[in-house]
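Beneath this line is the structure, given in structure tokens, with notes to follow.
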Amino acid sequence: MFIIREIRFITGTVLLFLFTVSTLHSQTRQPAGCDSILISLYEPCLTGDLSEKQENTIFSQSFIDLWLKGTVELYNGLTVSNKYLKYNGFTDRLIWLREDFRQVSLDQEPILAFTLSENSPGKKGYRFEKISVRDNPDDSPEIVFAQLLHKEDISLYVQRKVIKTGITEGKSGLVLYDVYEKRNIYYFKNNQTISRGLTRLNRKTLVAVLPEYRENLTEWLRHGRQTRIRTEEDLIRFTLWLNSWQKSRVEP
């Protein structure tokens, strides 16, 4: 009799546990904030490593030095909103400032895209997406975060990269500091094809990464007000024109 009661007790406990887990699991399918306990029980929204403040440097590794409110889109379909974020161009990692003011260098793999928003009203956001790039055909593709500058049939991206260029002495001469430099690398995306990276802005380098549009570039420079490509804004204007020209060819 004791054995039967014991079995019933164990069976009841197991059934109660399974019912609880099933209930929690069904609840996670419903809309909930990514900070909720229910979601974190099964799949943490943001994962990463605690990040220490930069030391021994006189140059910021961040795309923008301020902490900006942002949104993170994950591969599993979840979206994390209203988090204070920075993008580190040296490590190609997104940094999250938690409510306890500790910084977390977020894992890259779960993140599909993210948007940083200026704190001032009317300011545009900065959207970053993952793209696969390679500068030479023989190189292995590299997955990086790149800022979306223009999205259309032919899209324009820029990788906000930061590289270490050397070491310099402090004023006292007793401390050495790392020196970093920001370098922009531009990419054109046509369907699923991504061009080689463009680091210097001029006609020659642009033709090198877009050889199929050589005549278009010449026409744009000849008939438009633009005579040279020097700035990021020039490159965006060329991308806009190139999309217009391509659409005019397919429309009846």
TODO: Working carefully through the options 74, 18, 38, find the one that is at pLDDT below 70, surrounded by 13 or more Cβ atoms within 10 Å (Cβ to Cβ) and either hydrophobic (A, V, I, L, M, F, W, C) or under 30 Å from residue 146 (Cβ atoms) (or both).
DONE: 38
- [ ] Output yes when any residue across the stretch 151-159 is surrounded by fewer than 15 Cβ atoms within 10 Å (Cβ to Cβ) and part of a helix (DSSP H, G or I), and no when none is.
- [x] no
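Taking residue 186, is it modelled with pLDDT of 90 or more and under 22 Å from the mean Cα position of the chain (by Cα)? Working first, answer last.
Details: modelled with pLDDT of 90 or more: yes; under 22 Å from the mean Cα position of the chain (by Cα): yes.
Considered against the rule, which asks whether it is modelled with pLDDT of 90 or more and under 22 Å from the mean Cα position of the chain (by Cα), residue 186 comes out as yes.
Does residue 64 satisfy the condition of being assigned by TED's automatic domain parsing to the domain that holds residue 147 and either assigned to a helix (DSSP H, G or I) or at pLDDT 85 or above (or both)? Show your work before the answer.
Working: assigned by TED's automatic domain parsing to the domain that holds residue 147: yes; either assigned to a helix (DSSP H, G or I) or at pLDDT 85 or above (or both): yes.
Here the answer is yes, as residue 64 does meet what is asked.
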- [ ] Consider only pairs whose beta carbons are under 8 Å apart and that are at least six residues apart or on different chains; among these, list those whose first residue lies in the stretch 200-220 and is surrounded by 13 or more Cβ atoms within 10 Å (Cβ to Cβ) and whose second residue is acidic (Asp, Glu).
- [x] 201/232; 201/234
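The values are calculated or read from the model by the stated rules, or taken from the named source; none is laboratory data. All values reported here derive from a predicted model rather than from experimental measurement. Cβ atoms come from the backbone with ideal geometry, glycine included; neighbour counts cover every protein chain shown.
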